[in-house]
1. Determine which single condition TRP22 fails, assuming it passes every other condition in (1) under 17 Å from the mean Cα position of the chain (by Cα); (2) open to solvent by less than 90 Å² (accessible area, probe 1.4 Å).
2. Does PRO92 satisfy being assigned to a helix (DSSP H, G or I) and within 30 Å of SER226 (Cβ to Cβ)?
3. Identify all residues within segment 213-223 that are open to solvent by 90 Å² or more (accessible area, probe 1.4 Å) and either assigned to a helix (DSSP H, G or I) or of a type in the set (D, E, K, R) (or both); write none if there are none.
4. Can you name the residue in segment 126-153 that is of a type in the set (Asp, Glu) and part of a helix (DSSP H, G or I) and is also surrounded by the most Cβ atoms within 10 Å (Cβ to Cβ) among such residues?
5. For VAL253, indicate whether it is closer than 30 Å to LEU163 by Cα, open to solvent by 20 Å² or more (accessible area, probe 1.4 Å) and touching a residue at least 40 places away in the same chain (Cβ under 8 Å).
6. Only residues that are loosely packed, with under 14 Cβ neighbours inside 10 Å and farther than 17 Å from ILE241 by Cβ: list them for segment 194-208, please.
7. Against the conditions (1) within 16 Å of the chain's Cα centre (by Cα); (2) crowded, with 18+ Cβ neighbours inside 10 Å, where does TYR115 fall short? Just the number, please.
8. Are there any pairs, at least 6 apart or on different chains, whose C-beta atoms fall under 7 Å, with the first in segment 97-122 and under 26 Å from ALA151 (Cα atoms) and the second aliphatic (A, V, I, L, M) and open to solvent by 40 Å² or more (accessible area, probe 1.4 Å), and if so, which?
Amino acid sequence: MTEPAQTKKNWYINSKASDLTWIILCPLIALIVVATVCAPRTDNFIYSSLTPVWFAIAASVLTHAHVLLVFTRSHLNADVFKRYKYRFTLVPLILLIAMCASPVLFILMGVLGAYWDEWHSLMQTFGFGRIYDGKMGNDPLAGRKLDMGMAFVVGLLPNLVLLTYLPDSQLDGALVEYLEMPLMIVKQYGSFITWLRIPLIAFAVFYTIFYIVSYRKLINNGYQYSKAKFALFAVTGATTIIIASKYTIADGVFFGNIYHAIQYIFIVLVSERSNLAKIAIKKDQSKEKNIKIGVLIYFALIIPMVFIFAGLRQFTQQEENPSEIIRWVAAFWLLTSIMHFWFDGFIWSVRRQDVS
């Protein structure tokens, strides 16, 4: 394997304080928010009537806002846009028309979006971990699959274990609403999910041991395991376990959406502020001043704009009897989610050298 770089690099992406707050400890912040606003679950594992409606709306709007923010990285970044201009224009248009023309396709894309959302969230944690390891000068391919598996263990597996503890009276509703499973299938086979409890817990334990042993071998060969990555995985895993153990599924969704969105808002600011500064750049100004212009554009223009559109999405999605126009709007909102998952994935790939 490639030997680690000898020159010492900063371990952080932006700064020690900001990385600790907005990336590594962000799940802990989300846990504190949920614990402050929401009551621990009682008999209802799915949702709690004590969770304020305003909190559910606020968490949803925050999620919608970060979804729309991906267009800052695609359409507003000329260096990225010119590489894949057809993916950013024709593909979304074709998919929007197809979803509006075919209700079946619209439903299928909704199911795909629900599962892709979970995978996308895991890959964000995984991506931060890989960046922190890259900061240590490691081979970017070494341990990649190991980290991908650990991102699943710390970010999603506790929530799957929670499903195995659901009472029979609540199982059908949870699997249909949160796993997008057909009701007929759930009624016939849903009870089998309780059989997965021990296998899932055993997998978490044995994979963690396997992860540690595998990385010990890499470390013995010169791999520099990042303390920041370890802290990120540890905080994410511990907080997810607490949420799954004490709160409802709905509150767990809010928890995940909060820390995922905040982390994303932060990393977009860090990765795009120089690019945003080019919009109003002046050659006679210092680089630092141009960066400040990029930050100002981000917080004074882009962030308010995406939150306005996120609020509009929240409002239009609540229509019980949507008109033909609203159906197009609904398809457009689903399209933005799908495009967020897709765009963000390959933007990280094409800009890997930019953020290393």
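The values are calculated or read from the model by the stated rules, or taken from the named source; none is laboratory data. Note that the coordinates shown come from a computational prediction; the quantities given were computed from them, not determined experimentally. Cβ atoms come from the backbone with ideal geometry, glycine included; neighbour counts cover every protein chain shown. These area figures cover heavy atoms from the full protein model, side chains too; ligands, DNA and RNA do not enter into them. Shrake-Rupley method; radii C 1.70, N 1.55, O 1.52, S 1.80 Å.
1. For TRP22, the exception is condition (2).
2. Details: assigned to a helix (DSSP H, G or I): yes; within 30 Å of SER226 (Cβ to Cβ): no.
When the stated conditions are applied, PRO92 does not pass them.
3. Filtering segment 213-223 for residues open to solvent by 90 Å² or more (accessible area, probe 1.4 Å) gives 216-217, 220-221.
If the condition is that a residue be open to solvent by 90 Å² or more (accessible area, probe 1.4 Å) and either assigned to a helix (DSSP H, G or I) or of a type in the set (D, E, K, R) (or both), then ARG216, LYS217, ASN220 are the ones that fit.
4. Taking segment 126-153 and keeping what is of a type in the set (Asp, Glu), we get 133, 139, 147.
Checking which are part of a helix (DSSP H, G or I) leaves us with 133, 147.
On the way: ASP133: 24, ASP147: 20.
The selected residue is ASP133.
5. Working: closer than 30 Å to LEU163 by Cα: yes; open to solvent by 20 Å² or more (accessible area, probe 1.4 Å): yes; touching a residue at least 40 places away in the same chain (Cβ under 8 Å): yes.
Against the criterion (closer than 30 Å to LEU163 by Cα, open to solvent by 20 Å² or more (accessible area, probe 1.4 Å) and touching a residue at least 40 places away in the same chain (Cβ under 8 Å)), VAL253 qualifies.
6. As a first pass, look at segment 194-208 and keep what is loosely packed, with under 14 Cβ neighbours inside 10 Å: 195, 198-199, 202, 205-206.
Answer for segment 194-208, where residues must be loosely packed, with under 14 Cβ neighbours inside 10 Å and farther than 17 Å from ILE241 by Cβ: TRP195, PRO199.
7. Of everything listed in (1) within 16 Å of the chain's Cα centre (by Cα); (2) crowded, with 18+ Cβ neighbours inside 10 Å, TYR115 misses just condition (2).
8. Close Cβ pairs satisfying both conditions: none exist.
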